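Here the structure is laid out as structure tokens; the discussion comes afterwards.
The values are calculated or read from the model by the stated rules, or taken from the named source; none is laboratory data. Computed from a predicted model, the values in this text were never measured in an experiment. When we count neighbours, we look across all protein chains shown, and the Cβ atoms used for this are built from the backbone with ideal geometry, even at glycine. Each accessible area value is taken on the protein alone, full model and side chains, heavy atoms only, with ligands, DNA and RNA left out. Shrake-Rupley method; radii C 1.70, N 1.55, O 1.52, S 1.80 Å.
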Amino acid sequence: MKQPIGNRQEGTEGGERRIQPPPDPGAAREWRRARGPAFILLAAALAVAPQMVRGDSCGHDFDFHLVSWIDVLASWRHGIIYPHWAISSNYNAGEPRFVFYPPLTWMMGAALGALLPWSWVPAALTFLLLAGSGWATRALARTVIDDAAATLAGCIAIFSGYTLYTVYERAAFAELAGGVWIPLLLLLVLRDRGSAPAWRRTIGGSAVGLSLVVAGAWLSNAPVGVMACYLLAGFAAVVAAMRRSWVPVLRAAVGAVIGLGLAAFYLVPAAVEQRWVDIRQATEDPGELIQNSFLFVHPADPQLALHDAELGRVSWIAVLMLVVILVAIVVGWHRRILPGGRSVWVPLALIPAVVLLLMLPISLPVWDALPKMRFLQFPWRWLVVLEAPLGIFAASAIWVPGRARRNAIVAGCAVVFCGLSLFAGRVFFQVCDPYDAVPGMLQEYRDGNGFQGTDEYEPAGADNSLVAQNLPAGCLVADPARTLGVTTADDPQPEWEVDQKSCEAAMPDPAMIDARRWSVRGELPRDGFLVLRLRRYPAWDVRVNGRSVRDLGDREDGLMVVPVSAGQVEVDANWLATPDARRGRWISIAALALVVGLGLTGRRRTGIQLK
């Protein structure tokens, strides 16, 4: 008798028939679903392999981010969930870094630091952000090309030149997050539910999704937030023109407004309180002027030699990315395989054209006219929005029918990806000095030495280079403007020592210090002024022996100074939420309630339609 299909006799064991069970179609389907995301994880791991082998790359922003993560984790351990003050900056005088720097990546770094050894955290965060970029690009690509090609697009986005440059040369973790948000933004603009009523297509799930993406972009990196908003406006306008419908524009407007509302708890105080710090340092430094950073520009200032070398490298990266996109579009046009219909590939193809224009000197009037554009500092930052289009156009151009050909393409791409990872690990990789490496930074932190501050967060009119190292918590002086610490030929940063006698009396280390409380107790021999090892900022409520002090001096180093009398002195400073911070929180709460309401409404209506 014939065996039923799927129950063939496979042999005998112990005189009994052994039956091979039929293959599980569900398991095969689950594997096919997981295969694409798994390949992207593998690509992200390959991209960070040089870090795993050689250690962390101390790119331009490495120290800034590492110190931020350590400070935030210390604040969490004091019960402060959302700190505003970085206590170790300016050699423990602090700065309002977390008022102005978006919270998403410094919270992610601190969370990883609570779970992993600090030496693993930079590579782990890079891996997560690269994987997120690949997955987001794959999600966008799946709307226009098949699943396997979309996976290849996600991998290409990970290995785009600018991504690897950002990882190794710059260590700009926050900007890496742009690779996650930009593809999702494009995906949600392109999404169209043509059969739904116009109002649902405008304020439905896509608008809610756009609001989350816009908020995520701003909460990751302010330049990414600026780029996301301008990209959203331009891309939605082109898509609307191609589809002859105002829905994409209206949906983008709704999503942008709600998204800015969700991020208002950060955006409002960051915008309002800029007048209290020297934020212009971020846009008016010669190396960060837009006109000095167009492609292949060579400013005459000899002090910008390092800037010019970096600009040359990133300019060639921009040229190569644009050439790859152009070739891929030409190939796709010739083979008639451009991704999606005209309403998809035309808006995507316009992105590199506009980005190229913005990186050339001819676009300077645009940079001057559009609000906050100069806040990007470098025109080549727009390369982050090229990563997803590059992946999609390149993958659609090289992905051809036939299993054997596709296997050859996968093998060839794997070789190219390995080569790019090795190249980045040799050319872009920045070897750490002993004091910049994670062990050295941790030792400095544990020794209580503190770190250099960030120029754009210094008090208005102050100078970070005048803050002395090793200062006591309080320094009694007769002249409130007295200079503390001296410089040497080896170290231009002033350093304080007891034998300099610049302090008539020194207060001991603070009895309490964290991101929202600072207090010191001590006995003083005479009346005078007490210079506190705490930078001036209006959110601090300072009290001497219980009496509030409004005039905190105007020292060039930005340290607070308070009048004191001989005898027992108690100085307390408490961080108070400013009115703009409270307004921002209420706006975010209202926006969150609106998002939840729209989500529940959409789910309820979907349930009714399915009945």
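Counting only DSSP H runs of at least 4 residues, each contributing -39500 (n - 2.57), and dividing by the residue count of the chain, the helix-based mean residue ellipticity at 222 nm comes to -17000 deg cm²/dmol. Ratio of Rg to Rh for the stretch 386-474: 1.31 [Cα atoms; Kirkwood radius as inverse mean 1/r over pairs]. For the stretch 479-494 versus the stretch 256-296, the inter-centroid distance based on Cα atoms is 31 Å. Annotation: Met512 carries an accessible surface of approximately 70 Å², with a 1.4 Å probe and no ligand, DNA or RNA atoms counted. Sorting 298-306, 525-533 by average packing, meaning the other beta carbons within 10 Å per residue, from highest down gives 525-533, 298-306. Expressed in Å, the radius of gyration and Dmax of the Cα atoms of the stretch 70-118 are 10.5, 28. Of the peptides 286-297, 244-255, 126-137, the order by per-residue mean of other Cβ atoms within 10 Å, starting with the highest, comes out as 126-137, 244-255, 286-297. The order of Met373, Met108 by accessible area, most exposed first and with a 1.4 Å probe, is Met108, Met373.
Computing FRET efficiency as 1/(1 + (r/R0)^6) for Gln452 and Arg33, where r is the C-beta to C-beta distance and R0 is 56 Å, gives about 0.70. Taking a span of 15 Å or more along the helix axis (Cα atoms) and a mean Kyte-Doolittle hydropathy of at least 1.6 as the rule, the DSSP H helices of the chain that qualify are 147-158, 178-190, 222-243, 247-262, 342-358. Diffusion coefficient of the stretch 261-346 by Stokes-Einstein, Kirkwood radius over Cα pairs, 20 °C, 1.002 mPa s: 125 µm²/s. The convex hull built on the alpha-carbon positions of the stretch 314-393 has an orientation-averaged projected area of 5.7 nm².
For the stretch 83-132, the per residue solvent-accessible surface stands at 25 Å², with DNA, RNA and ligands left out and a 1.4 Å probe. Extents of the stretch 486-611, largest first, come to 83, 41, 24 Å (Cα atoms, principal axes, whole angstrom). Descending by average beta-carbon neighbour count within 10 Å, the peptides 46-56, 413-423 line up as 46-56, 413-423, the highest first. For the stretch 86-180, the carbon plus sulfur part of the accessible surface works out to 70%, probe radius 1.4 Å. When the surface is traced with a 1.4 Å probe over the full set of protein chains, His78 keeps roughly 90 Å² accessible. Label-to-label distance, Met512 versus Ala590, with points set 7 angstrom from Cα along the beta-carbon direction: 3.4 nm. Split the accessible area of the stretch 440-567 by element, probe 1.4 Å, and carbon with sulfur accounts for 46%. Take the stretch 456-523 with all the other protein chains still there, run a 1.4 Å probe, and you get 49 Å² of accessible area per residue. Starting from the alpha-carbon convex hull of the stretch 248-301, give the projected area averaged over all orientations, in nm². The orientation-averaged projected area of the Cα hull of the stretch 248-301 comes to 6.2 nm². Calculated from the structure at hand, Kirkwood radius over Cα pairs in Å is found among (i) 30.4; (ii) 28.2; (iii) 27.0 as (iii).
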